[in-house]
Every structure is written in structure tokens, then in C-alpha cells.
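K.L.:
Dumping the structure here so I can ask a few things about it.
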Amino acid sequence: MALRDYAGLAAFLLVVALVSAAGGWATSSSVGTWYAGLVKPTFNPPGWVFGPVWSMLYALIAVAGWRLWRRGGPASRLALTAWCVQLLLNPVWSFLFFGGRMIGAALVEIVVLLVAIVVTILLAWRVDRPAAWLLVPYLAWVSFATLLNAALWRLNG
């Protein structure tokens with residue numbers, strides 16, 4: 001790999017880390033107070049699960065974006081645009097759910113995020129299949145989070 005590739009990977013990791021930090025900041029405002037008091041479904045994971053899962057997912061998201069960037073060309077730019085959209089939508093959920101305590105609005109937003117992730121995977125598949133596969137665990141987790149969000153809305157709405 002060339003120096004440009006290493007610098008690109010570092011940039012993608014940094015951008016994704018900043019997005020993660022923004023979502024974490026919004027989450028920290030009420031995870032120990034408001035969220036702790038919500039009625040939760042039986043399948044709600046323990047709190048300690050979220051940090052390691054999201055750390056791994058954010059690393060995969062960054063590497064997928066970097067792989068798309070390295071490929072170049074119009075199809076790659078389109079896939080990378082979708083990648084950017086889903087990345088921008090990612091912390092919005094935290095701001096709505098934890099920051100705004102708007103469970104219903106967060107549910108609508110996470111469905112939009114799910115669609116953006118699916119579109120990103122489909123576009124990435126045409127450019128770099130390993131990049132598309134790197135996003136599958138993210139899709140699975142956000143699908144689970146959507147189910148959890150819906151259950152929390154039903155139980156606490």
C-alpha cells in the first residue's frame with residue numbers, strides 16, 4: 001500500500017470516530033437517567049454490550065468506506081456518496097432518541113438509516129464486494145436496534 005492509502009485509511013477512521021463521538025455525546029446525556037427508567041423488552045441487551053459492538057461496527061464502516069474510496073470511478077463515487085449519507089444519519093438517531101428523548105421520531109429515523117445502509121450495500125456490491133460484506137454486520141445490528149426501538153416505543157409511548 002502507498003502512503004496515500006494509509007493516509008486515506010487514517011482519514012476514514014478519524015471521520016467515523018468523530019461521528020461515533022457525536023453519537024456518544026448525545027447518548028451520554030440520558031443513558032444513565034432517562035433510559036435507565038424506561039420499561040424494556042426482555043430481549044434488551046445489557047448496557048455493556050453496546051460499546052464493544054459499536055466499536056467493532058464503526059471500524060468495519062470505516063474500512064468499507066476506505067475500500068470504496070480506493071476503487072475510484074463513477075460507481076465508486078456513487079457508493080461512497082451513499083456511505084456518507086448513512087454515516088450522517090447514524091448519529092441523528094442518538095440525538096433524537098437519547099438527546100431529544102423522542103422514541104417515535106427515532107424509530108422513523110432508524111428506518112431511514114436502515115434503507116440508507118441497504119442502498120449503500122447494494123451500491124458497494126457493484127464496486128467492491130468485500131466493502132459490501134463489511135457493512136452486513138452493521139445492517140444486522142441496526143435491524144436489531146430498529147426492533148428494540150419499536151419495542152421501547154410500544155412499551156413507553
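K.L.:
Against the condition in a helix (DSSP H, G or I) and either surrounded by fewer than 17 Cβ atoms within 10 Å (Cβ to Cβ) or over 17 Å from the mean Cα position of the chain (by Cα) (or both), how does Arg101 come out, does it pass?
P.N.:
Here the answer is no, as Arg101 does not meet what is asked.
K.L.:
In addition: Among the listed residues Ala82, Ala75, which satisfies the condition of being surrounded by 14 or more Cβ atoms within 10 Å (Cβ to Cβ), under 24 Å from Ala10 (Cβ atoms) and in contact (Cβ under 8 Å) with a residue 12 or more places away in the chain?
P.N.:
Ala82
K.L.:
A follow-up question, please. Can you name every residue in the stretch 120-138 that is surrounded by 16 or more Cβ atoms within 10 Å (Cβ to Cβ) and either more than 13 Å from Ala64 (Cα to Cα) or in contact (Cβ under 8 Å) with a residue 24 or more places away in the chain (or both)?
P.N.:
Of everything in the stretch 120-138, those that are surrounded by 16 or more Cβ atoms within 10 Å (Cβ to Cβ) and either more than 13 Å from Ala64 (Cα to Cα) or in contact (Cβ under 8 Å) with a residue 24 or more places away in the chain (or both) turn out to be Thr120, Leu123, Ala124, Val127, Asp128, Ala131, Ala132, Leu134, Leu135, Tyr138.
K.L.:
Oh, and also: Just give me the residues in the stretch 20-42 being part of a helix (DSSP H, G or I) and under 20 Å from Met102 (Cβ atoms), in sequence order.
P.N.:
Matches in the stretch 20-42: Ala22, Gly23, Gly24, Trp25, Ala26, Thr27, Ser28, Tyr35, Ala36, Gly37.
K.L.:
Cβ contacts < 6 Å: first residue touching a residue at least 40 places away in the same chain (Cβ under 8 Å) and surrounded by fewer than 21 Cβ atoms within 10 Å (Cβ to Cβ), restricted to the stretch 48-66; second residue of a type in the set (Asp, Glu) and in a helix (DSSP H, G or I), any location; separation 6+ or different chain. Result?
P.N.:
Partner pairs satisfying both residue conditions: none exist.
K.L.:
Using beta carbons and a limit of 7 Å, which pairs, at least six apart or on different chains, have the first residue in the stretch 143-157 and at negative phi and the second one surrounded by fewer than 17 Cβ atoms within 10 Å (Cβ to Cβ) and β-branched (Val, Ile, Thr)?
P.N.:
Within 7 Å, the pairs are Thr146/Val111; Leu155/Val39; Asn156/Val39.
K.L.:
Inside the stretch 98-119, can you point out the residues that are in contact (Cβ under 8 Å) with a residue 12 or more places away in the chain and among the β-branched types (Val, Ile, Thr)?
P.N.:
Ile103, Ile110, Val111, Val112, Ile117, Val118, Val119
K.L.:
From (1) surrounded by fewer than 21 Cβ atoms within 10 Å (Cβ to Cβ); (2) within 19 Å of Phe50 (Cβ to Cβ), pick out the condition that doesn't hold for Val108.
P.N.:
Failed condition: (2).
K.L.:
Tell me the residue from Asn149, Asn156 that is of a type outside the set (Phe, Trp, Tyr), surrounded by 19 or more Cβ atoms within 10 Å (Cβ to Cβ) and over 14 Å from Ala62 (Cα atoms), please.
P.N.:
Asn149
Read-outs throughout are calculated quantities, based only on the coordinates presented, and are distinct from any laboratory measurement. As the structure is a prediction and not an experimental result, all values here were calculated from the model. A quick note on method: Cβ atoms are made from the backbone with ideal geometry, for glycine too, and the neighbour counts reach across all protein chains shown.
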